[in-house]
Amino acid sequence: MPIVLFRVDERLIHGQVVVGWGGPLHADRIVVADDEIAASPWEQELYCLGVPPEIDAVFVTVDEARRRISEWKGGRRVIVLVRDVATARRVAEGGALAGEEVNLGGIHHAEGRTRVLPYLHLGPGDGDALREIAASGAEVSARDLPATRKVMLDELLAGG
């Protein structure tokens, strides 16, 4: 099976991902690609509290994620989560996400970010990074839940 969801969501593992996406996509593994969390067993334990027992949770560095993307494209139904656009760009280096869909799902308001959608606020440089991801062969779009309308990258960046 392919990766069923590659999502940029600053909250990483939470109800919307586990229930809203994981259920309909029948995910059986969630991979969090985050250098800090990969080095922090206690944070991993906290995130695992929100994961049902039938779903494995794996925490890896960003470099490891980039190396293992092709492995995750086969076998299990995997959701890959990253915290921000810069991390997604790092994973996509070298075409690692070519043929995959990158979902922008939860980047909230913060200083210096501009509201693009109610659940998506992009900061300086995010537009260029998203264009790089798309140029590497990935489809980039935003959607907070599977039943909502998918907003493609060109529409997201039309104002900027």
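Listing for the model above:
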{"quantity": "Selected residue (criterion: surrounded by the most Cβ atoms within 10 Å (Cβ to Cβ)) from residues of segment 94-126 that are among the charged types (D, E, K, R) and more than 15 Å from the chain's Cα centre (by Cα)", "calculated": "113"}
{"quantity": "Selected residue [in a strand (DSSP E or B), at pLDDT 95 or above, within 27 Å of residue 154 (Cα to Cα) and in contact with a Leu (Cβ under 7 Å, 6 or more places away or on another chain)] from 12, 104", "calculated": "104"}
{"quantity": "Matching residues, segment 65-92, being of a type in the set (Asp, Glu) and surrounded by fewer than 15 Cβ atoms within 10 Å (Cβ to Cβ)", "calculated": "71"}
{"quantity": "Members of segment 105-133 found to be touching a residue at least 60 places away in the same chain (Cβ under 8 Å) and touching an Asp or Glu at 6+ places or on another chain (Cβ under 6 Å), listed by number", "calculated": "105, 106, 107"}
{"quantity": "From 15, 50, residue being free of Cβ contacts under 8 Å to residues at least 60 places away in the same chain, in contact with a His (Cβ under 8 Å, 6 or more places away or on another chain) and closer than 20 Å to residue 144 by Cβ", "calculated": "50"}
{"quantity": "Flag if residue 77 is in contact (Cβ under 8 Å) with a residue 60 or more places away in the chain and over 14 Å from residue 9 (Cβ atoms)", "calculated": "yes"}
{"quantity": "Failed criterion for residue 128 (all others in (1) among the charged types (D, E, K, R); (2) modelled with pLDDT under 95; (3) in a helix (DSSP H, G or I) hold)", "calculated": "(2)"}
{"quantity": "Residues that are among the hydroxyl-bearing types (Ser, Thr, Tyr) and under 13 Å from residue 142 (Cα atoms), drawn from segment 88-128", "calculated": "119"}
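The values are calculated or read from the model by the stated rules, or taken from the named source; none is laboratory data. All figures in this text were calculated on a predicted structure; none of them were measured in a lab. Please note: Cβ atoms are built from the backbone with ideal geometry, for glycine as well, and neighbour counts cover all protein chains shown.
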